[in-house]
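Just so you know, all these numbers are worked out from the coordinates, no wet-lab data involved. Everything quoted here is computed from the prediction, not taken from an experiment. Here the Cβ is made from the backbone with ideal geometry for all residues, glycine too, and neighbour counts use every protein chain on show.
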Amino acid sequence: MNVLIADDNAQVRKILEALLSAWGYSIVTASDGKEAWEVLQRPSAPSLVILDWMMPGMDGIQICRSLRLQPPPVPPYIILLTCRGDKEDLVTGLEAGADDFITKPFESDELRARIQVGKRAVELQMTLIERMGELHRQGQELQRSIRALKLLNESNQAITRIENEEELFSSICRIVVESGGYRLAWIGLTEQGTELRLTPKAQYGFEEGALEAMRLSWSEADISRSPVGRALQTGQPAVVRDILNNRQYAYRQVEAASRGFSSLAAIPFSITPQTAGVLSLYAREPDAFDSEEIKLLAKMSNQLAFGISAFRTSQERRRIEAELQVERDQAQRYLDVAGVLMVALDSRGIITLVNAKGCSILGFPQEELLGRDWFTTCAPGNDRDEYVKLMTGKQSFEEYFESTVVTRGGTKRILAVHASLLRDRKGTITGLLFSGEDITERKKTEESLRTSEENYRTLFDRMVSGSRAIAAYRSGGDEG
């Protein structure tokens with residue numbers, strides 16, 4: 001421990017220096033108050049001071065008062081060395097800021113004991129200051145983690161609530177600035193082409209066009225100078241803890257100072273193997289990002305990437321569904337102009353498609369047929385078990401057959417059916433598509449014709465038999 005000995009008496013200084021050096025202390029001496037004050041203004045000023053009360057320039061009392069008016073981070077422990085021993089003098093010294101007294105002439109044992117007390121007091125004070133500093137640092141880290149958790153929560157809510165990619169980018173940037181307390185936030189996405197480029201998509205915290213003014217883009221020739229470029233190249237967060245004192249970023253120091261920030265973090269995220277992005281945050285204070293906060297911010301960026309991917313997947317699904325709907329509508333129009341019933345069944349016998357002619361024959365509107373069981377709705381007399389066997393490949397398939405259906409009004413109609421099995425890409429049977437021509441009237445006509453023909457043949461046969469009988473009778477009469 002360093003000790004300052006300030007006394008205008010050279011003999012006293014030598015005695016004190018010899019004693020304290022023997023006790024293991026490092027000694028700094030001053031021959032008057034002004035010199036002592038200059039020593040105490042140094043960054044590495046001694047933490048234990050022995051001051052003579054009466055000195056030229058500044059006396060010990062003046063130095064005590066001046067030190068207490070502007071205390072350093074660790075105030076020195078002051079022992080006043082004086083010939084005065086009155087109670088009033090003791091009170092004056094303590095009120096001025098002295099911690100202890102030693103009266104001249106002094107005993108070495110007493111001096112050593114009082115210095116040891118001062119040493120313990122200084123060490124305890126330094127320990128307390130270090131502990132307070134550690135608690136302050138932990139408190140700052142906790143506040144940063146709480147801030148990042150708040151950002152994480154609000155960004156999650158935005159991702160689940162917003163259904164537009166551009167609006168999500170803007171909301172995330174706004175949340176980072178307004179809730180996180182950062183100076184600026186912006187999001188950029190890479191563009192794949194002849195040259196990889198980063199396109200800013202949203203910003204918050206600056207006036208419009210500030211990104212272009214600050215050259216915060218991927219267009220810099222030396223991407224190693226850019227934390228954004230480094231983050232995208234490595235896939236890891238890039239942090240600049242003090243822009244204003246970092247030589248690597250000297251080209252941005254003037255702009256950083258004018259814009260009011262001192263540190264930044266670039267958090268990369270991946271949407272697809274071909275598309276990546278980066279969330280950049282700028283803070284007013286230096287060293288604003290600790291490791292735990294960076295982890296939470298990285299998690300927020302990953303959730304942002306998930307949200308963007310979900311948007312794009314949803315958009316692609318809607319596009320495909322729209323295209324499929326167009327194709328289905330077109331196919332339905334083709335089916336509706338057909339003059340025969342057209343029905344598609346899935347493997348369970350559920351109606352998945354029926355055309356206008358089919359609805360007309362069956363007497364149902366289309367919305368009542370789709371999704372209903374064919375066998376219970378339109379073909380109660382048909383064998384469902386045979387259909388199940390057909391779907392599993394255990395029943396032989398016939399492309400043409402006649403089948404009876406029952407209309408909504410309970411009328412039976414006969415159909416001439418042409419069928420085709422539906423299969424997936426693996427060749428597995430998934431259903432049945434068939435067309436049916438209503439041949440009920442034709443069947444009735446054929447039956448009537450067949451009955452008429454049978455009646456005619458019966459009548460003809462009777463007429464022939466009668467003619468033969470008459471002829472035989474006449475033949476017998478002639479002979480008689």
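Dipole size of segment 2-106 about its Cα centre, with +1 on Lys/Arg Cβ and -1 on Asp/Glu Cβ: approximately 180 debye, rounded to the nearest 20. What's the local net charge at D329, with K and R +1, D and E -1, over the other residues with C-beta under 13 Å away? So the environment of D329 carries a net charge of -2.
Assuming charge only on the beta carbon of Lys and Arg (+1) and of Asp and Glu (-1), the dipole of the chain about its Cα centre is about 920 debye to the nearest 20. Pairs over the 30 Å Cα-Cα cut-off, from the set K87/K119; K389/K426; K150/K201; K389/K444; K357/K426; K34/K87: K389/K444; K357/K426. Across the chain, the relative contact order, built from alpha-carbon pairs under 8 Å that are at least six residues apart, equals 7 percent. Among V354, V464, V239, the ranking by other beta carbons within 10 Å of each residue's beta carbon, starting with the fewest, stands as V464, V239, V354. Amide H contacts under 5 Å for I27: V3, restricted to partners 5 or more places along the chain or on a different chain, H placed in the peptide plane at 1.01 Å from N. The alpha carbons of the chain stretch over 196, 47, 33 Å along the principal axes, in descending order.
A simple rule links phi to the HN-Hα coupling: the Karplus curve 6.51 cos²θ - 1.76 cosθ + 1.60 with θ = phi - 60°, which for segment 369-380 gives 8, 4, x, 9, 6, 4, 6, 7, 8, 10, 9, x Hz, with x for Gly and Pro.
Under 5 Å from the amide H of D287 lie the amide H atoms of D242, each residue being 5 or more positions distant or on a separate chain, with H modelled from the backbone and absent for Pro and chain starts. Taking the number of Cβ atoms within 10 Å of each Cβ as an exposure proxy, the fewest-first ranking of K357, K104 is K104, K357. As a rough guide to protection, the peptides 281-287, 388-394, 401-407 ranked by mean Cβ packing within 10 Å, highest first, stand as 281-287, 401-407, 388-394.
Within 10 Å of each residue's Cβ, count the other Cβ atoms and sort S314, S280 from fewest upward.
Fewest-to-most ranking of S314, S280: S314, S280.
For A202, the amide hydrogen comes within under 5 Å of the amide hydrogens of I187, counting only partners 5 or more places away or on other chains and with H modelled in the peptide plane.
The modelled label-to-label distance for the pair L324/E386, using points 7 Å beyond Cα in the direction of Cβ, is 3.3 nm.
Over the chain, what is the percentage of antiparallel beta bridges among all DSSP beta bridges, to the nearest 5? So the antiparallel bridges amount to about 75 percent of the total. When every Cα-Cα distance of segment 338-438 is counted in 10 angstrom steps from zero, the calculated P(r) takes the values 16, 53, 27, 3, 0 percent.
Neighbours of S448, meaning other residues whose beta-carbon lies under 14 angstrom from its beta-carbon, give a summed charge of -1 when Lys and Arg score +1 and Asp and Glu score -1. If you take all other residues with their beta carbon under 14 Å from the beta carbon of R13, and give Lys and Arg +1 and Asp and Glu -1, the sum is -4.
Suppose every Lys and Arg Cβ carries +1 and every Asp and Glu Cβ carries -1, with no other charges. What dipole size does segment 338-438 come out with about its Cα centre, to the nearest 20 debye? Each step should come with its number before you reach the end.
Numbers: 12 positive and 13 negative charges, 45 e Å.
So the dipole magnitude of segment 338-438 works out to roughly 220 debye.
Only helices enter the 222 nm calculation for the chain: every DSSP H run of n ≥ 4 contributes -39,500 (n - 2.57), and dividing by all residues gives -16500 deg cm²/dmol, rounded to 500.
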